[in-house]
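First up is the structure itself, then whatever we jot down about it.
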Amino acid sequence: MSTEPSFDTSLQAEPGHLIRRAHQLAVSSFHETHGRQITPVQYALLRALQASPGIDQVTLAEKVALDTSTTADIATRLETKGWIVRELLPRRQRSLRLTAEGEAVLADMLPRVEPMYRALLAPMEAAEQAEFLRLLRKFVQLNEATPTPPDSGKPGV
């Protein structure tokens, strides 16, 4: 006899669909707040570089949970915008730093980040917000610790 809970398998109750919808809401809120000149992923890279100036692309990729080739592509775009500089290190690695313009972009964005997330979470009560964020962190941490099955392939876009 199974002790696992049964799940409602209607589309509106499936965890993957709900996570995708939550992501859509977060991205929409981000673009409404900051415009479309920067993506949420580019913002994450800039924040990681602000916290760890001079890190290499591989470490940056790990910090923001991206593969190294995607991180390299985004870093190239950020460099083209003049927001970061990449310096060649031994063994073909690159050290990344924010430029003064990249720092200014973040300085302009940061005062709007907290209000943006407050508005996104506003429909929930304070205790629900805290619990929601706690469960999201737990969900991510537990799933990062679980190895991906070898036959799972790369997720579709």
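Since every read-out is calculated from the coordinates, none of them should be taken as a lab result. Only a predicted model underlies this, so the values are computations on that prediction, with no experimental measurement involved. Here the Cβ is made from the backbone with ideal geometry for all residues, glycine too, and neighbour counts use every protein chain on show.
A few remarks follow.
- Cα long-axis angle, helix 100-121 against the chain (0 to 90 degrees, to the nearest 10): 10 degrees
- Inter-part distance where region 36-72 and region 99-122 are each reduced to a Cα centre, Å: 16 Å
- Positive-end ranking of Ala75, Leu133, Leu89 along the dipole of the chain, with charges on Cβ about the Cα centre, is headed by Leu89.
- Estimated translational diffusion coefficient (Stokes-Einstein, Kirkwood radius over Cα pairs, 10 °C, 1.306 mPa s) of region 83-143: 106 µm² per second.
- Distant-in-sequence amide contacts of Thr99, defined by a placed amide H-H separation under 5 Å and a gap of 5 or more residues or a different chain, comprise Ile84, Val85.
- Every helix of 4 or more DSSP H residues in the chain counts as -39500 (n - 2.57), and over all residues that averages to -20000 deg cm²/dmol at 222 nm.
- When the inverse distances between all different Cα atoms of region 48-117 are averaged and flipped, the Kirkwood radius reads 12.6 angstrom.
- Rounded to the nearest 20 debye, dipole of the chain from Cβ charges on Lys, Arg, Asp, Glu: 500 debye
- Here the Kirkwood formula, the inverse mean of 1/r across different C-alpha pairs, assigns region 11-145 a hydrodynamic radius of 16.5 Å.
- Computed extension gain for Leu18 through Ser95, at 0.36 nm per residue and net of the alpha carbon distance, reaches 24.0 nm.
- Peptide packing: for 56-67, 25-36, the average count of neighbouring Cβ atoms within 10 Å per residue gives the ranking 56-67, 25-36, highest mean first.
- Mean Cα-pair separation over length for the chain, i.e. relative contact order, pairs under 8 Å, 6 or more apart, %: 18 percent
- Between helix 15-34 and the chain: long-axis angle, C-alpha atoms, 0 to 90°, nearest 10: 40 degrees
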